[in-house]
Amino acid sequence: MSITHIAPAAGSSPARFAVLDGDLNAEWHALLGASSALAVDTEAMGLVHGRDRLCLVQISDDHDNVCCVRIQRGQTRAPLLQRLLEAPAIEKVFHFARFDVAALAEGLGIAVQPLFCTKVASRLARTYTNRHGLKDVVQELCGVELDKGAQSSDWGRVEELSEAQLAYAANDVRYLLAARDRLVQMLTREERLELAQRSFACIPVIAELDRGRYGAIFEHRS
């Protein structure tokens, strides 16, 4: 299935947009693989890894090409998607990477690296505010107001996702790379970029702990 006429609420349509079943195809793997950085997000049935299955993976490049991969119930592998998200020369940019990295590992056995988290970067750079959600970050740094109306919806109906759901999914990745660039500028200016990079390196370990239900193991308690 391929949808090419989608008009996300932010105003303009992506340069190219496709919805694929189960995995990337060779064309989209080559197209996205030509980038040095990709924006990535996931949608799941809920927030509990192992209980709530992965339903959708959306990816955007710096040319505003967006691809959504629908993950079928019971699916455990997506070889081309895995190759792309594990490619060492491509930085994968998430907002709240902790969840997405765990979801991709739990659902498809994908070990994402290297990565950048705009939520962590925002907390380190935008210390003048406590508003670090994707909508707030994108609105301030990119001047775009995201419509989050479809955030809490049934993503498990992958064969029947609505245009509103697909527009929401596309917009969640379309502005991440621009936000990342602005955050890098801020982190560099405030001399916090190295700290951010070391923080990103910890995320796969934290995600693995989340998957194992280890909880707050770093807290001091008897």
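The values are calculated or read from the model by the stated rules, or taken from the named source; none is laboratory data. Computed from a predicted structure; not experimentally measured. Note: ideal-geometry Cβ built from the backbone for every residue, glycine included; neighbour counts use all protein chains shown.
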Counting only residues that are out of contact with any Gly (no Cβ under 8 Å at 6 or more places or on another chain), among the small types (G, A, S) and either more than 23 Å from A105 (Cα to Cα) or in a loop (DSSP other than H, G, I, E, B) (or both), the range 160-216 contains a total of 7
Cβ pairs under 8 Å, 6+ apart or interchain, first in the range 3-32 and within 22 Å of Q75 (Cα to Cα), second modelled with pLDDT under 90 and not hydrophobic (A, V, I, L, M, F, W, C), ordered by first then second residue, are A18/S2; A18/T4; V19/S2; L20/S2
Result of the Cβ filter at 8 Å on the range 150-169, keeping first residues that are more than 13 Å from Q58 (Cβ to Cβ) and partners that are loosely packed, with under 12 Cβ neighbours inside 10 Å, at least 6 apart or interchain, is G156/R73
Here the residues within the range 68-112 that are of a type in the set (S, T, N, Q) and assigned to a helix (DSSP H, G or I) are Q82
From the option list D100, D41, single residue qualifying as of a type in the set (D, E, K, R), touching a Ser or Thr at 6+ places or on another chain (Cβ under 7 Å) and closer than 30 Å to L193 by Cβ is D100
Result of the Cβ filter at 7 Å on the range 180-200, keeping first residues that are touching a residue at least 60 places away in the same chain (Cβ under 8 Å) and partners that are of a type outside the set (S, T, Y) and outside any helix (DSSP H, G or I), at least 6 apart or interchain, is R180/V93; R180/F116; F200/L115; F200/F116; F200/C117
Considering the range 136-150, residues that are modelled with pLDDT under 95 and surrounded by 15 or more Cβ atoms within 10 Å (Cβ to Cβ), and then whichever is farthest from L20 (Cα to Cα), we arrive at V144
(Q) Condition first: surrounded by 13 or more Cβ atoms within 10 Å (Cβ to Cβ), closer than 23 Å to F17 by Cα, modelled with pLDDT under 90 and polar (S, T, N, Q). Can you find one or more residues in the range 169-182 that meet it? (A) no
Please determine whether any residue of the range 2-21 is at pLDDT 95 or above, over 25 Å from A196 (Cα atoms) and in a loop (DSSP other than H, G, I, E, B). no
Hey, A18 within 15 Å of the chain's Cα centre (by Cα) and of a type in the set (A, V, I, L, M) or not: no
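For (1) surrounded by 16 or more Cβ atoms within 10 Å (Cβ to Cβ); (2) within 13 Å of D172 (Cα to Cα), each residue gets a yes or a no:
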position: E43; (1), (2): yes, yes
position: R77; (1), (2): no, no
position: A105; (1), (2): yes, no
position: I110; (1), (2): yes, no
position: L134; (1), (2): yes, yes
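Yes/no per residue for (1) crowded, with 18+ Cβ neighbours inside 10 Å; (2) under 18 Å from L183 (Cβ atoms); (3) modelled with pLDDT of 95 or more:
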| position | (1), (2), (3) |
| --- | --- |
| I59 | yes, no, yes |
| D62 | no, yes, yes |
| N65 | yes, no, yes |
| V69 | yes, no, yes |
| Q72 | no, no, yes |
| R98 | yes, yes, yes |
| L115 | yes, yes, yes |
